[in-house]
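Chemist: Dropping a structure here in structure tokens format, bear with me for questions.
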Amino acid sequence: LSLMLLAFPLSTWFFLRQANPGQDSVALWGLVATHNIFFLLAFLNFYVAICFSFLALGLWLKWLARPRPLLWLGATAAMTALYFSHLIAFAITGIAVTGYGVMAHFRHEPGAGER
């Protein structure tokens, strides 16, 4: 339980450093959200999955910025751990990755807005 209480703010901080660099102070909200309803009602597998979700998304964003085999293996391992910890959190993470991919596709579409 103690490791999970540390894992949530640390994984949130790692994700936010990749998603929004320079705004590390926003990660302090991870400390406030540590005692959320999932922890208080002992939904520990979902709580662990939330930590794995932030870790996997952070590793994935880091890999997108600079592809390296070790980052790809880390992101794959985190996604696999996420899959085995809770399927709903895995689906939510998949929706986030898909949404990011769709938005990136439309943002970099050649010819869009050029005249």
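Chemist: How high is the relative contact order of the chain, in percent, counting Cα pairs under 8 Å that sit 6 or more residues apart? Could the numbers behind the result be given before it?
Modeler: Values: 104 pairs, mean separation 27.0, N = 115.
Relative CO of the chain lands at 24 percent.
Chemist: Once the mean 1/r over all distinct Cα pairs of the chain is inverted, what Kirkwood radius in angstroms do you read off?
Modeler: On the way: mean 1/r = 0.0661 Å⁻¹.
For the chain, inverting the mean 1/r across all distinct Cα pairs yields 15.1 Å.
Chemist: Let me ask something additional. Can you tell me the mean projection area, over all orientations, of the convex hull of the stretch 1-65's alpha carbons? Units nm², please.
Modeler: Numbers: hull surface 16.3 nm².
The orientation-averaged projected area of the Cα hull of the stretch 1-65 comes to 4.1 nm².
Chemist: Let me ask something additional. Sort Tyr100, Tyr47 from largest to smallest accessible area, using a 1.4 Å probe on the heavy atoms of the protein chains. Walk me through the numbers on the way to the answer.
Modeler: Numbers: Tyr100 100, Tyr47 0 Å².
Of Tyr100, Tyr47, the descending order of accessible area is Tyr100, Tyr47.
Chemist: Can you give the calculated 222 nm mean residue ellipticity of the chain, where each DSSP H run of n ≥ 4 adds -39,500 (n - 2.57) and the sum is split over every residue, rounded to the nearest 500 deg cm²/dmol? All intermediate terms of the calculation are to be shown ahead of the outcome.
Modeler: Details: 6 runs with 86 residues, N = 115.
Rounded to the nearest 500, it is -24000 deg cm²/dmol.
Chemist: Additional query: What distance in nm separates the simple spin-label points at Leu28 and Arg68, each placed 7 Å from Cα in the Cβ direction?
Modeler: With each label point 7 Å from Cα toward Cβ, the separation is 3.1 nm.
Chemist: Continuing with the same structure: What does the accessible area of Ile92 come to, in Å² to the nearest 10, when a probe of 1.4 Å is used?
Modeler: The accessible area comes out at roughly 90 Å².
Chemist: How high is the FRET efficiency from Ile37 to Ala77, r the C-beta distance, R0 30 Å, rounded to 0.05?
Modeler: So, using R0 = 30 Å, E works out to roughly 0.60.
The values are calculated or read from the model by the stated rules, or taken from the named source; none is laboratory data. In this text the structure is predicted, and so the values were computed from the model without any measurement. Every residue, glycine among them, receives a Cβ derived from its backbone with ideal geometry; neighbour counts consider all protein chains shown. Calculation scope for accessible area: heavy atoms of the full protein, side chains included, ligands and nucleic acids excluded. Shrake-Rupley method; radii C 1.70, N 1.55, O 1.52, S 1.80 Å.
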